[in-house]
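Taking it in order: structure first as structure tokens, then the write-up.
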Amino acid sequence: MGKLDGKTAIVTGSSRGVGADVAKFLAAEGAAVVVNYRQKAPRANKVVAQIVEAGGRAVAVGADLTTQEGVQALVSAALENFGSLDLVVLNASGGMEAGMAENYALQLNRDAQVNLLNAAMPVLPAGSRVVFVTSHQAHFIETVPTMAEYEPVAKSKRAGEDALRAFIPNLAAEDISLVVVSGDMIEGTVTATLLDRANPGAIEARRAEAGRLYTVAEFAAEIAAMATADVPSGHTEYVGGADYFK
């Protein structure tokens, strides 16, 4: 028996990287998973196939989270395919991609998070959980400077976290909890790759400061664990980066 038997989860940005591994971990605990992608359907379908081959349940749903149609499509997919929605993992983030609108980081990292929570709240039963994934570089942006290349993204993700935390009283009234998972820079993620491209040596420098960096799989395991962890609403789970707390 898995901890999430009979439950349904949405994991945003789960066609690759941390989100894909979170989806697999949740499925291994019995959850039916809505695997979300924006453009890369083959990658999402591969994640679904791996979950199904391992005996789990999953469906891939293409959705642009910066549109109302996109967030509604995810909620509808959970209900139509699996009959419920019990867990939302807000993993998708961005803002360093080339060719995006100037305010894209805020649209994705703040507005889309709020819009998806608003869409999900009416169908989330008592006891449900929302998990927001962020970085130390964003969580601590007001007190710890970060690389100039990442600062706009960090500020937009902190704005998203603050906006979600403002929901805690309303969530509590429905017996829904919000947990934030904040991680140090993670080896092998798209963000880390883009930062290292914009600022060569950034990853190695951060690794030296922190002592070690978590891998994608290690970070994903910590996020998945927070889906059922016995922690209060509003709890922040810190993963790595002990130097941030000096």
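The values are calculated or read from the model by the stated rules, or taken from the named source; none is laboratory data. What you see is a predicted model, and the numbers here were worked out from it, not measured in a lab. Glycine gets a Cβ as well: all are built from the backbone with ideal geometry, and neighbour counts include every protein chain shown. For accessibility, only protein heavy atoms count, side chains too; no ligands or nucleic acids. Shrake-Rupley method; radii C 1.70, N 1.55, O 1.52, S 1.80 Å.
Worth pointing out:
- Estimated purely from DSSP H runs of n ≥ 4, each contributing -39500 (n - 2.57), the mean residue ellipticity at 222 nm for the chain is -12500 deg cm²/dmol once divided by its residues.
- Region 8-234, Cα convex hull volume normalised per residue, Å³: 118 Å³
- Kyte-Doolittle mean at least -0.5 and Cα axial length at least 20 Å: DSSP H helices in the chain: 68-82
- Considering only 141, 182, 58, and ranking their Cα positions along the charge dipole of the chain that arises from unit charges at the beta-carbon of Lys, Arg, Asp and Glu, the one farthest toward the positive end is 58.
- Nearby lysines by direct alpha-carbon distance to residue 40 (threshold 24 angstrom, same-chain neighbours under 8 apart not counted): 24, 157
- Assuming charge only on the beta carbon of Lys and Arg (+1) and of Asp and Glu (-1), the dipole of the chain about its Cα centre is about 340 debye to the nearest 20.
- Apportionment of accessible area to carbon and sulfur, the chain, percent (1.4 Å): 51 percent
- Normalised per residue, the accessible area of the chain is 44 Å², obtained with a 1.4 Å probe and no contribution from ligands, DNA or RNA.
- In this rough spin-label picture, where each label sits 7 Å from Cα along the Cβ direction, the residue 76-residue 163 distance is 2.2 nm.
- Taking the Cα centre of region 106-246 as origin and assigning +1 to Lys and Arg Cβ atoms and -1 to Asp and Glu Cβ atoms, the resulting dipole is close to 160 debye.
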